[in-house]
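These notes are about the structure you will find just below.
The values are calculated or read from the model by the stated rules, or taken from the named source; none is laboratory data. Nothing here was measured: the structure is a model prediction, and the numbers come from that model. Ideal geometry is used to build each Cβ from the backbone, glycine not excepted, and the neighbour counts take in all protein chains shown. To get the accessible areas, we keep the full protein, side chains included, count just its heavy atoms, and leave off ligands, DNA and RNA. Shrake-Rupley method; radii C 1.70, N 1.55, O 1.52, S 1.80 Å.
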Amino acid sequence: MNNNTNRKANKMKKKNILYWTITVLFAAFMLFSAVPDILVVPEAVAFMSHLGYPKYFIPFIGMAKLLGVIAILVPGYPRIKEWAYAGLIFDLIGATYSQMANDGFQPAIFFMVLPIALFLFSYSLYHKNIRTA
């Protein structure tokens, strides 16, 4: 029985390491996209203006992403974490749609597969961890 308990603990540890690795990668991606928005750097203004968004929207969406990143990284608070995950995926889907609506279907849009995949893995591992806890 002790050997079986060790296997379960090792499996949980591996799953937990995988969850945090994927979640930190996803959070880093979202953070690196939030900082230029928060600081309203000229590149962010040019990009968002090209997509048709007003300048006042840029720091708002940047702060929303930053708060979402904090929420998914802080342990506990499952309801806030759910809302944060929802907001971050809405941001990614909205960004993808906005780019497609303005520029058509360009090969560069496939870059968005990476953060969306990281989101899907992080979110699914989060729920697997909840079920086994």
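Some notes on this structure:
- Helical segments meeting 18 Å axial Cα length and Kyte-Doolittle -0.5 threshold in the chain (DSSP H): 2-39, 57-73, 78-103, 113-132
- Note on the chain: with neighbouring protein chains present and a 1.4 Å probe, carbon and sulfur make up 72 percent of its accessible heavy-atom surface.
- Whole-number percent relative contact order across the chain, with pairs defined as alpha carbons under 8 Å at least 6 apart: 30
- Ordering 122, 49, 33 by accessible surface, largest first, gives 49, 33, 122; the 1.4 Å probe counts only protein heavy atoms, with every chain in place.
- Under a model in which nothing but the beta-carbon of Lys, Arg (+1) and Asp, Glu (-1) is charged, the chain shows a dipole of about 1060 debye around its Cα centre.
- Residue among 70, 33, 107 farthest towards the positive dipole end of the chain, charges placed on Cβ: 70
- The loop-placed trypsin sites (Lys or Arg not before Pro) in region 1-58, going by DSSP, that have at most 16 neighbouring Cβ atoms within 10 Å of their Cβ come out as 55.
- Residue-normalised convex hull volume from the C-alpha trace of the chain: 105 Å³ per residue.
- MRE, 222 nm, helices only [DSSP H, n ≥ 4, -39500 (n - 2.57), over the chain, to nearest 500]: -29000 deg cm²/dmol
- Neighbour-limited loop hits for chymotrypsin sites (Phe, Trp or Tyr not before Pro), region 4-96 (at most 10 other Cβ within 10 Å; DSSP other than H, G, I, E, B): 56
- Per-residue accessible area (protein heavy atoms, 1.4 Å probe) orders 50, 127 as 50, 127, starting from the largest.
- Heavy atoms of residue 80: accessible area, 1.4 Å probe, square angstrom to 10: 100
- Taking every protein chain into account, the accessible area of region 49-96 amounts to 59 square angstrom per residue (probe 1.4 Å).
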